[in-house]
Amino acid sequence: MGTAYKADVVKLPSTAQIAKISQQLGHDLVNAEIQEYRDAIAQSLQATYQRLSEIPDPKLPVKYPRTPGYRPVGEDNPLNAWYWRCNITGAPNGKLLGKTIAIKDNICVAGVPMMCGSRILEGYIPDVDAIVVSRILDAGGCILGKAVCESLCSSGGSFTSATGPVLHPGDPTRMTGGSSSGCAALVAGGHVDMALGTDQGGSIRNPCGRCGIVGLKPTFGLVPYTGIIPMEFSLDHVGPMAKNVHDLSLLLEVIAGPDDGLDYRQPHSMQSPESYTSKLTGDISHLRLGLLKEGFSRPQSEPDVDELVKKGAEGLAKKTGASLQDISVPMHLDAVVIYDAISDGGVWTNRFLETTGYQVTSAQQMLAQGLKNRAKDLSVDLKVAAVKGKYLQDNYQDLFYTKARNLVWKLRRAFDEALTKVDVLIMPTTPMKARRIPHINVTLKEYLTSCGENIMNNCAFNMTGHPALSINAGFSQGLPVGMLMVGRKFEEATLLNVAYAFEKIRDSM
C-alpha cells in the first residue's frame with residue numbers, strides 16, 4: 001500500500017550542500033564555518049531524525065476486508081465518473097445498511113488506488129481509511145468505489161482530471177461542475193445512493209447545483225477531515241451528497257462528530273452529532289428567510305437562474321408561512337478577491353501539507369515527490385496557480401495572504417450579523433447553468449474561466465465556516481438550477497429542515 005518511510009532515509013549533507021544553502025539564505029559563511037555548520041547539522045540529523053525515522057508511524061484503523069478492485073472502462077463507466085471500482089461491505093447493521101456510497105478520490109480508502117485527479121499521485125495506494133470512511137462502514141454502508149475528482153481538487157469544471165472529463169448525466173456535452181465532479185454524476189445518474197465529497201470553494205455545492213441533487217458543506221470542523229488530502233487548512237470541508245434531503249441528513253449523522261483531537265479543525269468543546277433526520281418536520285413557519293441581494297444579478301448571472309431561485313424562495317415562504325425579506329451583505333462581492341489571496345498564498349506556500357493534526361505520511365510523501373518530479377504533469381490551471389503563487393511569495397512574501405486572513409474575520413462578522421436578522425440566507429448556488437465542456441484547444445483565458453467562474457457565491461462560506469447547502473430549485477432550458485441556503489454555524493438541523501420543506505413543495509410550484 002502507501003509508500004512508507006524507511007529507517008535509512010536520513011542522509012547527511014556535504015559541505016558543498018551546506019555552502020549552497022547558506023548562500024541562498026544570505027548567511028555569507030566562510031569555509032571554516034561551513035564545516036562547523038555541517039558537523040552540527042549532521043549530529044542533529046543522526047541524533048534526532050534518524051531515530052524519528054525508525055519509530056513506527058501510527059496508522060488510522062482499517063476494519064473491513066476489501067480487494068483492490070479495478071479501473072472501469074467503456075460501458076462500465078459511461079459518465080467517466082468512476083476512477084476506481086470496488087465493493088467494500090461494512091457492518092452487518094447500522095443507519096446506512098443497504099445504502100451504496102461513492103467516495104471522492106482525494107479521500108483515503110486503504111488498499112484502493114487514489115489519484116486525486118492528477119498524474120503526480122498515479123500509482124499511490126493509501127494505507128489507511130479516512131475517519132469518515134470508517135464511520136460509513138461502521139454504519140453498514142457499502143462503498144462501491146472512488147469517484148473522479150478534478151486535478152488535485154482545484155477546478156470547478158469537470159474536465160481537468162487526468163482520466164478525462166466527467167460527463168453531465170443529463171447532457172453529456174456539459175460539465176457536471178467540480179471538483180467533486182464524479183460524485184455528483186454518480187448520484188444524479190443513479191449509480192449510487194450517496195457520495196462523500198470535499199469542498200474548498202464550492203466543490204460539493206457547485207456540482208450538486210449543476211446536476212440537480214442535494215449537497216452540504218457543513219460547518220467548518222463538524223465533520224473530521226482526517227485522512228483526506230488537504231488543500232488549505234482553513235478552507236477544507238468534507239460533506240454529504242445525495243438525491244434527497246433525508247439521505248443527505250442520514251449520511252451527515254453518520255460522518256459528523258469529534259474524532260478525538262486528530263483533526264485540529266474541530267473545536268475542542270465539540271459535541272456528538274445531532275439526529276438530523278428526526279428533525280425533518282417541514283415546519284418552518286417560525287423562520288425568517290433572506291434573499292441575499294449580492295448573490296443575485298452578478299455580471300456573470302443568467303436571468304433565468306436568478307428568477308427561478310427567487311421564485312422558489314417566494315413559493316417556499318408562501319406555502320410554509322415563513323417570512324421572506326431582502327438582506328444585504330456588501331462584502332460578499334469581495335469574497336472572491338479574499339478567497340483567491342488565501343488559496344494562492346496557502347496552497348502553494350504549504351504545498352498541500354497539513355500544519356498540525358494527523359498526517360497521512362505516505363500521501364504527503366507521494367505528493368511532495370510528485371510535485372518535485374512530475375510538475376509537468378500538473379493540469380494547466382494548477383501550473384498557472386503555481387507560477388502565480390511562487391511570484392507572490394518571492395515578491396510579497398505573505399503580505400496579501402495575511403491581509404486576506406484579517407479580512408476573513410471581517411467577512412465572518414458580516415455574515416454572523418446578517419444571520420441575526422434572518423435564519424437562512426438564499427441565493428443561486430452558481431449564477432449560471434451547466435456550461436459545455438471546453439473544446440480541447442480553447443484559449444487559456446477560456447480554460448481558466450471554465451475552471452473558476454462557479455465560486456462567486458460559494459467561496460465566502462468556506463472562509464467564514466457557515467454551513468451551506470445546495471438543492472435543486474427546478475429546471476431551465478432542461479438544465480438544473482441550484483438554490484444555495486446558508487445558515488448559522490452548527491445549525492445544520494435548521495438548514496436541512498428548510499431544504500426538506502422546499503423539497504416537499506417544489507414539485508407543486
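Modelled label-to-label distance, residue 75 and residue 409, 7 Å Cα→beta-carbon offset: nm?
Using points 7 Å along Cα→Cβ, the separation is 6.1 nm.
Accessible area per residue, 1.4 Å probe, Å², for the chain: what's the number?
On a per-residue basis, 41 Å².
Under 15 Å between alpha carbons, and skipping anything fewer than 8 positions from residue 376 in its own chain: which aspartates and glutamates qualify?
Filter leaves 122.
Can you tell me the order of 489-502, 36-49, 206-219 when each peptide is scored by its average per-residue count of other Cβ atoms within 10 angstrom, highest first?
For the peptides 489-502, 36-49, 206-219, the packing ranking is 206-219, 489-502, 36-49.
Provide the three semi-axes, in whole Å and in decreasing order, of the ellipsoid equivalent to region 91-138 as defined by the square roots of 5 times the Cα gyration tensor eigenvalues.
Square roots of five times the eigenvalues give 24, 10, 7 Å.
Between residue 479 and residues 5 or more places away or on another chain, which pairs have amide H atoms under 5 Å apart, with H built 1.01 Å from N, and which residues are they?
It is none; the list stays empty.
Compute for the chain: radius of gyration divided by Kirkwood radius, i.e. Rg/Rh, restricted to C-alpha atoms, rounded to two decimals.
In the chain, Rg relative to Rh is 0.99.
With charges set only on the Cβ (+1 for Lys and Arg, -1 for Asp and Glu), what does the dipole of the chain come to about its Cα centre, in debye to the nearest 20?
520 debye
Hey, could you pull the Cα Rg and Dmax for region 225-372, both in Å?
My reading of the Cα-based Rg and Dmax gives 20.1, 58 Å.
Based on the Cα atoms of region 37-111, what semi-axes does the equivalent ellipsoid have, where each is the square root of 5 times one gyration tensor eigenvalue, given in whole Å with the largest first?
The equivalent ellipsoid of region 37-111 has semi-axes of 42, 19, 10 Å.
Whose amide H sits under 5 Å from the amide H of residue 435, counting only residues 5 or more places off or on another chain, with H placed in the peptide plane?
Result for residue 435 returns 175.
Would you mind telling me the share, in percent, of accessible area of the chain contributed by carbon and sulfur at probe 1.4 angstrom?
The nonpolar share, carbon plus sulfur, comes to 54 percent.
Cα centroids of region 408-443 and region 208-245: how far apart, whole angstrom?
Between the Cα centres of region 408-443 and region 208-245 lies a distance of 15 Å.
For the chain, calculate the relative contact order in percent as a whole number, restricting contacts to Cα pairs under 8 Å that are 6 or more residues apart.
Over the chain, the number comes to 17 percent.
Stokes-Einstein at 20 °C, 1.002 mPa s, Kirkwood radius from Cα pairs: D for region 353-509 in µm² s⁻¹?
Calculated translational D: 111 µm²/s.
Give me the number: length gained by fully extending residue 55 to residue 67, i.e. 0.36 nm times residue separation minus the C-alpha to C-alpha distance, one decimal in nm.
That pair, residue 55 and residue 67, stretches by 1.4 nm at full extension.
Order the peptides 456-468, 371-383 from the highest to the lowest mean number of other Cβ atoms within 10 Å of their residues.
Output ranking for 456-468, 371-383: 456-468, 371-383.
Long-range amide H contacts for residue 147: which residues qualify at under 5 Å (H placed 1.01 Å from N, peptide plane, sequence gap of 5 or more or a different chain)?
Those qualifying (amide H under 5 Å, at least 5 residues apart or on another chain) are 83, 103, 104, 105.
Divide by every residue of the chain the summed helix terms, -39500 (n - 2.57) for each DSSP H run of at least 4, and state the resulting mean residue ellipticity at 222 nm, rounded to the nearest 500 deg cm²/dmol.
The helix-only estimate for the chain comes to -11000 deg cm²/dmol at 222 nm.
Once label points are set 7 Å from the Cα along Cα→Cβ at both residue 246 and residue 47, what is their separation, rounded to one decimal in nm?
That separation, rounded to one decimal, is 6.5 nm.
Could you please state, rounded to a whole Å, how far the C-alpha centre of region 357-387 is from the C-alpha centre of region 72-122?
22 Å
Counting pairs of alpha carbon atoms under 8 Å apart in space and at least six apart in sequence, what relative contact order in percent does region 448-490 give?
Computed value for region 448-490: 33 percent relative contact order.
So, taking all protein chains as they sit and a 1.4 Å probe, how much accessible area belongs to residue 246, in Å² rounded to tens?
The accessible area comes out at roughly 90 Å².
Taking square-rooted eigenvalues a ≥ b ≥ c of the alpha carbon gyration tensor, is region 382-427 rounded, prolate or oblate, where a/c under 1.5 means rounded and, failing that, a/b exceeding b/c means prolate?
Because a/c hits 1.5 or more and a/b fails to exceed b/c, region 382-427 counts as oblate.
Any idea how far apart residue 369 and residue 333 come out in nm if each label point goes 7 Å out from Cα toward Cβ?
Result: 5.0 nm between the two label points.
From the alpha carbon gyration tensor of region 220-277, can you work out the equivalent ellipsoid semi-axes (sqrt of 5 times each eigenvalue) and give them in Å, largest to smallest?
Semi-axis lengths for region 220-277 are 20, 15, 8 Å.
The values are calculated or read from the model by the stated rules, or taken from the named source; none is laboratory data. Nothing here was measured: the structure is a model prediction, and the numbers come from that model. Every residue, glycine among them, receives a Cβ derived from its backbone with ideal geometry; neighbour counts consider all protein chains shown. Ligands, DNA and RNA are stripped out before the accessible areas are found, and what is left, the full protein with its side chains, is counted by its heavy atoms. Shrake-Rupley method; radii C 1.70, N 1.55, O 1.52, S 1.80 Å.
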